[in-house]
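Shown next, in C-alpha cells, is the structure this report addresses.
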Amino acid sequence: MYLSTSRASDIAGETAPARRGPLRAVPGTVFALGLVSLVTDVSAEMVTAVLPLYLMAGLGMSPLAFGALDGLHQGATAVLRLAGGRIADRTRRRKLVAGTGYALSAVCKAALLAVSTPWAVAAVLAADRTGKGLRTAPRDALISLSVPPGEQGRAFGVHRALDTAGALLGPLAAFGVLWVAVDGYEAVFTVSCCVAVLGVVLLALFVREAPEPAAPAPAPAPVRPALPPVRTLLRLPGLRRLCLTAAVLGLFTVGDAFLYLLLQRRLGLPAAYFPLLPVGTAAVFLLAALPVGRLADRLGRSRVFLGGHVLLLGACLLLLAPAAAGPLLVVGVLAALGLFYAATDGVLMAAAGPLLPAGLRTTGLAVLQTAQALARFAGSLLFGAAWTLWGPGVALGLAAAGLLLCLALVAVFGRARADRTS
C-alpha cells in the first residue's frame, strides 16, 4: 500500500504540496530501491556473516590472505563504479545498469556452490563485488535525482534504513540455516541465491527510471574543447575535497569483518553464534539511519561524516581496552559500528549529490565511491599484513592511531579553509 501511494505521488509530480514532519512519504523510486536493497542485503549478508569463519577456520586462510580478500571486496568495485557510472549517464539507463549489477551478484551466489578452495571463492566474491560496483552509483543517482537538494540526507537515510533491515535479517537467516542444516555453508549459499533473484525481480517490476531534468538554455560555443567527464568533475572544489577526505579516512577504516573476528576471539564466542554479531550492528544502523540523515541535512553532512569516524575510533579503542569485557564490550563495539555506518554511508552520497550536475550525477558519485573503495582496499591489505607480522592487537592499535591522526588533519584543514572563506 505504501509503495503504491509513493508511486502515485511520483506520477503527480511537483504540484502536490510536500508534507511536513519526519513521516512524510518519500518518492516511490526511493522506497522501491530501498525494498530492492533490503532483499539483496538479506542475500549478501547471509554470505558475509559466515564468510570469515568459513574462510579462516573452514578453508584455512591466513589473516594476510583474508585481509587481501577483504580489500578485494572494496577494490574490485573501483573500476566498475566508474564504468557503470559513465555508461548510466551516457545512456540515461540507470535502472538497466543497476539491474545488470544486481543480476551479476545473484549469479555469483549460485557460483559459490561450485567452488571449494580459498582463491576460487575469492574469484567468485570478486565477481560479486564487481556487480555491486556496477549497480551502486546508478542506484544512488536514481535516489539523488528523485529528491530536491535539501532532502538528500533524509532520502538516503530512508534508503539506508531499508537496506540495513536486510543487513539485520541476513545474519539471522544465516544463523537459522546453520542451526538446522547438515551441510550448513552450502545451504546458506543456496538460500542466498534464491533471495538475490527476488531482488532482481523487484527492481524490474517496481523501480522507475529517474526523470531527466529540464534542458538548460543553450550555452555559447566553448572556446576550447570540453574536458573528459571525470576531469571535469574533479575540477569541482567540493567534490575534490570529499574525495580526498573519504580516501584519507578510508585508508585507516578497519573492516567490520576484522572487528567481528577480534570481538569473537576476545569473548571466545562459539562459531555457531558468530553470524549474530552483524545483527547488533545492523539493528543500530537501522534505528539510526533516518534520524542521522535528517540531522546531517540540518547540521552539515561533512560534520556528521567526520563524527561517524570518531565513533569507529571509539569501537577500536574499546577493543584495545583491557578492562572492557563481556556484554559492555559487545554493546559498545556494535553500537559504535552501527552509528558509524549510519553517519557515513548515505551521508557521504547526500553530501556529494547537490554538488554534481544532473547529467553527470552517476559518474560523480562513482568517482567518490572509487576513491573511497581504493583507499579501503589498501587499508585492508595493510591491516591484514600488520596482523600477520605483529598480531591483532598491534594491527588494531596502528589503525586507531592512523585514524586519529587523519581526523585531526581533516579537522585542521577544514578549519583553515573556513577561516579563509569567512
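Values for this structure:
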| item | result |
| --- | --- |
| Members of region 260-289 found to be within 19 Å of residue 309 (Cα to Cα) and either surrounded by 24 or more Cβ atoms within 10 Å (Cβ to Cβ) or among the aromatic types (Phe, Trp, Tyr) (or both), listed by number | 260, 278, 281, 282, 285, 289 |
| Unique residue being on the phi < 0 side of the Ramachandran plot, in a helix (DSSP H, G or I), in contact with a Gly (Cβ under 6 Å, 6 or more places away or on another chain) and of a type in the set (A, V, I, L, M, F, W, C) when the list is 252, 258, 285 | 285 |
| Odd one out for residue 141 among (1) surrounded by fewer than 23 Cβ atoms within 10 Å (Cβ to Cβ); (2) among the small types (Gly, Ala, Ser); (3) closer than 22 Å to residue 369 by Cα | (1) |
| Candidate set from region 144-157 (those that are part of a helix (DSSP H, G or I) and in contact with a helix residue (DSSP H, G or I) (Cβ under 6 Å, 6 or more places away or on another chain)); member that is surrounded by the most Cβ atoms within 10 Å (Cβ to Cβ) | 156 |
| Unique match (being more than 22 Å from residue 47 (Cβ to Cβ) and either at pLDDT below 85 or not charged (D, E, K, R) (or both)) among 182, 177, 248 | 248 |
| Residue among 230, 254, 304 that alone is closer than 24 Å to residue 376 by Cα and surrounded by fewer than 20 Cβ atoms within 10 Å (Cβ to Cβ) | 230 |
| Residue match in region 112-130 (condition: modelled with pLDDT of 85 or more and closer than 30 Å to residue 27 by Cα) | yes |
| Complete set of residues in region 345-376 that are farther than 21 Å from residue 235 by Cα and surrounded by fewer than 24 Cβ atoms within 10 Å (Cβ to Cβ) | 345 |
| Qualifying positions in region 408-422 - modelled with pLDDT of 80 or more and either out of contact with any helix residue (DSSP H, G or I) (no Cβ under 6 Å at 6 or more places or on another chain) or loosely packed, with under 15 Cβ neighbours inside 10 Å (or both) | 408, 409, 411, 412, 413 |
| Hey, residue 381 buried (at least 21 other Cβ atoms within 10 Å of the Cβ) and out of contact with any Pro (no Cβ under 6 Å at 6 or more places or on another chain) or not | no |
| Subset of region 10-63 (residues that are modelled with pLDDT under 70, part of a helix (DSSP H, G or I) and either of a type in the set (A, V, I, L, M) or over 28 Å from residue 110 (Cα atoms) (or both)) | 10, 11, 12, 57 |
| Residue match in region 266-278 (condition: within 21 Å of the chain's Cα centre (by Cα) and at pLDDT 90 or above) | no |
| Residue within region 181-188 that is in contact with an Asp or Glu (Cβ under 6 Å, 6 or more places away or on another chain), part of a helix (DSSP H, G or I) and buried (at least 24 other Cβ atoms within 10 Å of the Cβ) present | no |
| Enumeration of residues in region 384-397 that are in contact with a Pro (Cβ under 8 Å, 6 or more places away or on another chain) and more than 11 Å from residue 255 (Cβ to Cβ) | 387, 388, 392 |
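Condition check ((1) under 16 Å from residue 361 (Cβ atoms); (2) assigned to a helix (DSSP H, G or I); (3) without any contact (Cβ under 8 Å) to a residue 24 or more places away in the chain; (4) charged (D, E, K, R)) across all residues:
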site: 98; (1), (2), (3), (4): yes, yes, no, no
site: 106; (1), (2), (3), (4): no, yes, no, no
site: 124; (1), (2), (3), (4): no, yes, yes, no
site: 132; (1), (2), (3), (4): no, yes, no, yes
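The values are calculated or read from the model by the stated rules, or taken from the named source; none is laboratory data. Keep in mind the model is a prediction, meaning the values are calculated, not measured. Neighbour counts are summed over all protein chains in view; Cβ atoms, including those assigned to glycine, are modelled from backbone coordinates with ideal geometry.
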